[in-house]
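Beneath this line is the structure, given in structure tokens, with notes to follow.
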Amino acid sequence: MTGSVKYAFYPGCVSRGACPELYSATIEVCARLGIELETKGMQSASCTGAGVLQEKNRRLGDTLNARNFALAERTGLPLMTICSTCQGVMAQANDRLTKDPDYLKSINADLAPEGLEYKGTANPKHLLWILLEEVGLNRVRARVTRPLKGLKIAPFYGCYIVRPSSVLGYQEHPERSDALEQVIQVVGAEVADFPGKTACCGFPILTINEKASMKMVSNHTLSAKDAGATAMVTPCPLCHLNLDGYQPTAAAQARKPIDLSILHLPQLIGLAMGIDAKALGLNKHIMSTQKLVSQVAVAQ
Amino acid sequence: MEVTLNVRRYDPDSAKPAPYYQEYDLEIDETHTVLDGLIKVREEVDGTLALRCSCRSAVCGSCAMRVNGHAVLACKTKVRDLLHRGSTKLTVEPAGNMPIIKDLVVEFNVFWDKIRAVEPWLQPQGVPPQQEYIAPNEDMLHLAGVMACIMCGACVSDCTVLEVDKHFLGPAALAKAYRFVADPRDDAEKSRLGKLVQYGGVWDCTRCMQCVQVCPKGVDPMGRIMALRDRAIENGYHNSNGARHAETFARSIKHSGTLDELRLPIGTFGIWNVKEMLKLIPLGLKAQMRGKRPPIFHKAIPGAENVRRIFEKVESKR
């Protein structure tokens, strides 16, 4: 890629709610990578349903996603998200909508009163995949001014950007399976590999089975630390809410200190680009990132 | 082609029983499955390797095990398909979430106990018909997808909830429960669902999709669990955190188009649940201090009335 690229930006609910730092870090990093974000045409996009709405009524979820896709089509731009859960839910909906013309037709009938029609051309993509496949990691590398030497970062994918692989393009894009590891290396850090990186963070059952949810948090963070991780990076803000926000509760339950900084994907890249920690919202985490930020500064 | 099988071994009869890994270098055919490789090891290299297999045709469900960290049927998985980027090594381990008897053989009692717990038999009421029970064809075709389960335990092996809570019924048993709840000949739907909404039941699933990914028969256990949740709510089981979470979530989207994160936990626990409300305070304060509290006045998206209209339209079709 040489010039800039432009996307219809779908930030999802969480980056405009409990994880505002993900939104600001995305804006900062995309500006430096020549990724233009169209927000105006997507203002009336709704929640994807996050898999929760689909529990009650799959068709309802598919209709709302078709509506969002139609809005993106109207901008004439490809669709970008920064939330793994949105990515997964949109990919599943898109798969059902595009492989069954009769289904799409009946869904479109419910969009018609708003003057919308989904033509089936949306290809929702997470920023992580856009970096790999469209922007190119070479461009990311070229913007790195502060390589994260000496840091060992654990990749945490979570579920929705990984499964079911059949609707997430892994066949056509096998490089997606270690996308986070590639980014970690491009920003000059080392990968801390650990077994739970594609497991569940526990967030979906936080209010239902808190004990099990907290055990997931402590299992993953502690096993990442055992692998030498200085920090963890995730493309999913919901995973972030649990791994960061509930880490103190998980540590208390496990009766072990954890103290692991959890970064959103653009925050990791932004750090290596020399962007100010505050502009990346690194002061907005529950687990302090101060130690990590000073480690990066000292390494210079 | 040359391949190395790195097999996790465990012998309970050894002097100091402890798991360890042993590598076997093999020359195998391009078409060979992981099971072909393991049988070759057992027959030609090391007769002490224990594994369970029978039909070798992905029908009996005996040879579920983990290859490179994920559950597969060894007889349905070609070695070649799992060797990526020039690698010649596969790591083979016993299925997870079940006790290991020896090497790749696991104890299935925990699996069967959970299947039995969902009462996997038809429970019709009333006078039995003179001849057979008549069921609509489309209902039975729908159920055929669940009945395709061969009880191999792959989904149980990789279930992320069972890893942290043994009380969870798990994907295989819950899919089996759906098979009877959705059977038109069964009359125990309400009482079955009443049990399934308890701790360890349908609401404890994280929706992580591991079971969907690893099922060798396309049973889609998680999809069945979601369908059970829906049926539970339809049958009046609203009084659980899971049901309240789903209903509060839907109300929020219907009202404003996006999720009101501040009110979701309040709606889930119920505002009069003093214990849970008090528990939320410390994190709420911390979030407030760090500038990550969701907005107190949740704003609706422009055109939220279109979302409401879609809700009403689609919900009326049910």
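Tell me the label-point distance for the pair residue B:80, residue B:11, using the 7 Å Cα-to-Cβ offset, in nm and rounded to one decimal.
3.5 nm
Using label points projected 7 Å from each Cα along Cα→Cβ, tell me how many nm separate residue B:148 and residue A:138, to one decimal.
Going from the residue B:148 label point to the residue A:138 one covers 4.4 nm.
Round to the nearest 0.05 the FRET efficiency obtained for residue B:123 and residue B:88 when R0 = 60 Å and r is the Cβ-Cβ distance.
Working from the Cβ atoms, E equals 0.70.
Which length gain, in nm to one decimal place, applies between residue A:166 and residue A:278 when the Cα-Cα distance is subtracted from 0.36 nm times their residue separation?
Gain on extension, residue A:166 to residue A:278, equals 36.4 nm.
Give the order of B:197, B:106 when sorted by the count of other beta carbons within 10 angstrom, beginning with the fewest.
B:197, B:106
Output needed for chain B: three equivalent-ellipsoid semi-axes, defined as square roots of 5 times the C-alpha gyration tensor eigenvalues, in descending order, whole Å.
43, 28, 19
Could you tell me the calculated FRET efficiency between residue A:112 and residue B:285, based on Cβ-Cβ distance and R0 = 51 angstrom, to the nearest 0.05?
E between residue A:112 and residue B:285, to the nearest 0.05, is 0.60.
Which ordering of A:129, B:203 is given by a fewest-first count of other beta-carbon atoms within 10 Å?
A:129, B:203
Once you've got the GNM for chain B with C-alpha springs shorter than 10 Å, pick whichever of B:122, B:104, B:280 has the biggest mean-square fluctuation.
Answer for the Gaussian network model of chain B: B:280.
Give the angle, between 0 and 90 degrees and rounded to the nearest 10, that separates the Cα long axis of helix A:101-111 from the longest principal axis of the Cα atoms of chain A.
90 degrees
Specify the angular offset, from 0 to 90 degrees and rounded to the nearest 10, of the alpha carbon long axis of helix B:221-234 from the longest principal axis of the alpha carbons in chain B.
20 degrees
Testing the spin-label approximation: label points 7 Å from Cα along Cα→Cβ at residue A:288 and residue B:235. State their distance in nm.
5.2 nm
What is the calculated FRET efficiency for residue B:20 to residue B:140, with r their C-beta to C-beta distance and R₀ = 45 Å, to the nearest 0.05?
Here the calculated transfer efficiency is 0.40.
Past 25 Å, Cα to Cα, is the threshold; run A:197/A:291; A:105/B:317; A:149/A:197; A:152/A:291; A:225/B:76; B:114/B:217 against it and keep the listed order.
A:225/B:76
Quick check: Cα centre of segment A:279-300 to Cα centre of segment A:22-59, how many Å?
Between the Cα centre of segment A:279-300 and that of segment A:22-59, the gap is 25 Å.
Per residue of A:11-20, count partner chain C-beta atoms within 10 Å of its C-beta, then hand back the mean as an integer.
Per residue, the number of nearby Cβ atoms from other chains is 5 on average.
Just rank A:99, B:279, fewest to most, by other beta-carbon atoms within 10 angstrom.
A:99, B:279
Take the alpha carbon atoms of segment A:150-189, find their center, do the same for segment A:193-235, and report the distance between the two centers in whole angstrom.
After rounding, the separation between the Cα centres reads 16 Å.
Could you state the number of Å between the C-alpha centres of segment B:193-263 and segment B:294-318?
20 Å
May I ask for the angle, rounded to the nearest 10°, between helix A:58-75 and the longest principal axis of chain A, with both axes built from Cα atoms and the value confined to 0 to 90°?
Result, in degrees: 90.
Please flag any cysteine in chain A that has no other cysteine's Cβ under 4.7 angstrom from its own Cβ.
When partners are defined as cysteine Cβ atoms under 4.7 Å apart, chain A leaves A:13, A:19, A:30, A:47 without one.
Every number in this text was worked out from the coordinates using simple rules, so none of it is lab data. Since the structure is predicted, the reported quantities are computational estimates derived from the model, not experimental observations. Cβ: placed from backbone, ideal geometry, glycine included. Neighbour counts: every protein chain shown.
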